[in-house]
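**Q** Following this message is one structure expressed as structure tokens.
Computed from the coordinates by the stated procedures, all read-outs in this text should not be read as laboratory data. Only a predicted model underlies this, so the values are computations on that prediction, with no experimental measurement involved. Cβ: placed from backbone, ideal geometry, glycine included. Neighbour counts: every protein chain shown.
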Amino acid sequence: MCLRLNYLILVFSLLLFAGCVKTELPVTGQVIKKNSSNASRSVSYTVHSGDTLYRIGKRFGIAYKTLARNNHIRPPYIIYTGQRIYLKGTVPRSRQLPLVRHKHTPKTTRKKHSTRKVARNVKSLNFRWPVKGVLTSRFGRRGSRMHDGIDIGAKEGTPIYAVLAGEIVLSNQRLSGYGRMVMIRHRHDLFTVYAHNQRNLVRKGDTVKKGDIIARVGHTGRATGSHLHFEVRRAATAVDPLVYLPKRH
């Protein structure tokens, strides 16, 4: 289930990611040709605002899942403005996730600086908890699969709140396994996902404030018992929501 979610975010780029919406919009990206290391010619496409992986694939006659696989993009397939999508061959992971190295800066210094910067950024976001309930499952690997979020057990119909202000980029139940779900895009290519809902109370394109009720807890999709499956994503990358949520006392 979690592996397929990257489909949705990606489809929405607005930045992007995961997705399932196949609305035909004009494609305005730029096609770039570049010689690869083996002297064969590869073609890439630069993503512009409003593009989705589905539309890019349709334009060039390539299945969006093939593009996702070759570019190492996981469901819900988030893409973002300025990203280069390679249309031929498989892209080395190092090219998809470039490392910026600072000359003459010791590794330990870089690591400490990065940690402090992330801590400041997380604190400045000022998340709230999406639902009142009990944490039943954490972020991380479950056997051979990755659990891309956390599960919060709550009574059927319990209100689900937007953790930050943002724009609704998805509100449907088209992604298998997630049931009724809502996806919100926030600042800085940050997304939050709320799944297995009994009811969604917002629509795509709506803007919400932090604390607005966006859905009700349910057990739609592949869910055992009523709970909220909650994810936080930086672009297409799932991160541990507990890093961002305030500590409970």
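**Q** Can you figure out the FRET efficiency of Arg59 with His188, using R₀ = 30 Å and their beta-carbon distance, to the nearest 0.05? Don't jump to the answer; show the numbers that get you there.
**A** Values: r = 28 Å, r/R0 = 0.95.
Efficiency for this residue pair is about 0.60.
**Q** Here's another thing I want to ask about it. Name the shape class, rounded, prolate or oblate, that the alpha-carbon gyration tensor gives for the stretch 126-244, where a ≥ b ≥ c are the square roots of its eigenvalues, rounded holds for a/c under 1.5, and otherwise prolate holds if a/b is larger than b/c and oblate otherwise.
**A** Taking the square roots of the gyration eigenvalues as a ≥ b ≥ c, the stretch 126-244 is rounded.
**Q** Listing Met183, Met146 from the residue with the fewest other Cβ atoms within 10 Å to the one with the most, what is the order?
**A** Least crowded to most crowded, the residues run Met146, Met183.
**Q** Show me, for the stretch 142-149, the HN-Hα J-couplings you get by feeding each phi into the Karplus relation (A = 6.51, B = -1.76, C = 1.60, θ = phi - 60°), rounded to Hz, glycine and proline as x.
**A** 10, x, 8, 10, 9, 9, 7, x
**Q** A further question on this structure: Compare the peptides 227-240, 195-208, 124-137 by average per-residue count of other Cβ atoms within 10 angstrom and give them in order, highest first.
**A** The most tightly packed comes first, giving 227-240, 195-208, 124-137.
**Q** Within 10 Å of each residue's Cβ, count the other Cβ atoms and sort Ile85, Ile62, Ile160 from fewest upward.
**A** Ile62, Ile85, Ile160
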